[in-house]
Amino acid sequence: MSSKFLTELSSDYEKLFETELGYDVIIYAGEEQNVNEIHAHSNILCIRSQYFRSAFSNEWAEKKDGKYILRKSNVSPHLFNIILRFIYCGNIELKNLQGPEILKLLIVVDELNIQQLISYIQEYLIEHQTEFLHQNPTGILEAVYYNETFTDLWNFCLDKICEDPKILFDSDEFIDLKAPLLELLIKRDDLNMKEIEIWESLLRFYNIKPADFFYKVYCYKEILPQDLIHDLLEFHIIPNIKPKPNVAPPRKPKLDSTLIDLNHIPLIASWIDKKDSSYNKNDVPYEFKLLYRSDRDGFNAASFHKNCDNKGATIWITKIKGTTQLVGGYNPLDWSGNNVWKSTTNSFLFYFTDEKNISSAKISYVNANKAQYAIYCKSDHGIHMGNFCRYSASDWCFYCSVCDSYPKIGIPENFVEENHEVFQVIKK
């Protein structure tokens, strides 16, 4: 019953807003030719927002003919009407707005100190408007960065750009990015770019006018490599000089792999812990330390055991030659021993049909009834789990069904590897 009354009350306040009965506030929203006069009630505005309580105080208030006058040239009439409708009746509809409009709305509600909407609009943008970041990444980053209350949206934007840096680094506005933001990004260890790709992006600073270099790039002198700053100054000051190649600035590597990237790690870590959903990449409880890479250490069992024995739990990954497919597995024990089966119920195989698409993954945990055949260790063998093994330098296959400890997930019966990596799994 109380719910019905609240609905009726909300409806009545909405009618009050629409009919403007007894209004004592005139708001001029918009600028120049787009100014609209909007009417409201000071008591309702003051109860719902500290901003309006201050705006209608004796120190601030402008009054004419007994009515408060408020001028908001920085807010469009459409957005102000959306905000006022929320203030009156608690309803807001965002689905007809595009991402940039919703961001503007968020900035306005922050200025008006409407706390409930600050959280709600951030959540809506993150859940329903993820593509808006592609439209103007530089402007969006700066707008969010300079508003301290937009914490959720800020973290989302940073994570999204670190996961897919092309959103920002390939945009035409990249060179307009403010120095503190560029510094923050290129120092992040989870920025999913190779050093040479970062460097190539920075070298775009050669392709701008001297005045833009001085006012937009030279301010980066404290965070960019000094050799680059010197070469850029030389290029823009001395006529007819050619750009010089240079060396990329090093970052602390988070994952030393040619087969997978940082996007795979939260998913693989969640499989290790048998979670129903993937970890957030900032919450992964493991480090993955490269022990062995076949094209670096040798395509043979001796090199594998030399690098991987007595190292505890490991994840291994191999790429099927001539495809985008990855096959891998988890050994929670170790690879030492000779001609011995090891039992565990925590090992698994996995299969990515598309190395770039983590949603293409399939996983197969060891069958508890055949856990005694989970891992096989032998000095002249490489990876061997159940009836699946690397039986020669780069050849893999499934063999007899006696020790078929892992349910089928589509891994080819026979294939040749392109490369192969093994990582030690270290609890943080």
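The values are calculated or read from the model by the stated rules, or taken from the named source; none is laboratory data. Source: prediction; values computed, not measured. With ideal geometry, Cβ positions are generated from the backbone for all residues, glycine too; neighbour counts draw on all protein chains shown. Calculation scope for accessible area: heavy atoms of the full protein, side chains included, ligands and nucleic acids excluded. Shrake-Rupley method; radii C 1.70, N 1.55, O 1.52, S 1.80 Å.
Give the residues of the range 21-45 that are within 39 Å of the chain's Cα centre (by Cα), over 14 Å from Ile83 (Cα atoms) and part of a helix (DSSP H, G or I), sorted by residue number.
Once the filter is applied, which keeps residues that are within 39 Å of the chain's Cα centre (by Cα), over 14 Å from Ile83 (Cα atoms) and part of a helix (DSSP H, G or I), the range 21-45 yields only Asn34.
Which ones in the range 413-428 are open to solvent by less than 40 Å² (accessible area, probe 1.4 Å) and not acidic (Asp, Glu)?
Residues satisfying the conditions are Phe415, Asn419, His420, Val422, Phe423, Gln424, Val425.
For the range 287-316, how many residues are surrounded by fewer than 22 Cβ atoms within 10 Å (Cβ to Cβ) and within 18 Å of Phe348 (Cβ to Cβ)?
2
Looking only at the range 119-134, count every residue that is closer than 23 Å to Ser171 by Cα and surrounded by 15 or more Cβ atoms within 10 Å (Cβ to Cβ) and tell me the total.
Going through the range 119-134 one residue at a time, the tally reaches 6.
What number of residues within the range 345-403 satisfy the criterion of being in a loop (DSSP other than H, G, I, E, B) and more than 16 Å from Gly328 (Cα to Cα)?
Matching residues across the range 345-403 total 13.
Give me a count of the residues in the range 93-117 that are assigned to a helix (DSSP H, G or I) and open to solvent by less than 20 Å² (accessible area, probe 1.4 Å).
Total meeting the criteria: 8.
Condition test on Leu45, is it closer than 30 Å to Asp189 by Cβ, surrounded by 16 or more Cβ atoms within 10 Å (Cβ to Cβ) and modelled with pLDDT of 90 or more?
no
From Ala179, Ala143, which residue is within 19 Å of the chain's Cα centre (by Cα), more than 30 Å from Ile260 (Cα to Cα), open to solvent by less than 30 Å² (accessible area, probe 1.4 Å) and in contact (Cβ under 8 Å) with a residue 12 or more places away in the chain?
Ala143
Looking at the range 1-59, which of its residues are in contact (Cβ under 8 Å) with a residue 24 or more places away in the chain, of a type in the set (S, T, N, Q) and under 18 Å from Ser76 (Cα atoms)?
Asn34, Asn36
Return the residues of the range 19-36 that are in contact with a helix residue (DSSP H, G or I) (Cβ under 9 Å, 6 or more places away or on another chain) and either open to solvent by 80 Å² or more (accessible area, probe 1.4 Å) or modelled with pLDDT under 90 (or both); say none if nothing qualifies.
Leu21, Asn34
Name the single residue, out of those in the range 338-367 being of a type in the set (A, V, I, L, M, F, W, C) and under 16 Å from Trp271 (Cα atoms), that is surrounded by the fewest Cβ atoms within 10 Å (Cβ to Cβ).
Applying the first criterion (of a type in the set (A, V, I, L, M, F, W, C)) to the range 338-367 yields 340-341, 348-350, 352, 358, 361, 363, 366.
If we keep only those that are under 16 Å from Trp271 (Cα atoms) too, we end up with 348-350, 352, 358, 361, 363, 366.
Values: Phe348: 23, Leu349: 23, Phe350: 22, Phe352: 23, Ile358: 17, Ala361: 19, Ile363: 19, Val366: 26.
Filtering the range 338-367 for residues that are of a type in the set (A, V, I, L, M, F, W, C) and under 16 Å from Trp271 (Cα atoms), the one surrounded by the fewest Cβ atoms within 10 Å (Cβ to Cβ) comes out as Ile358.
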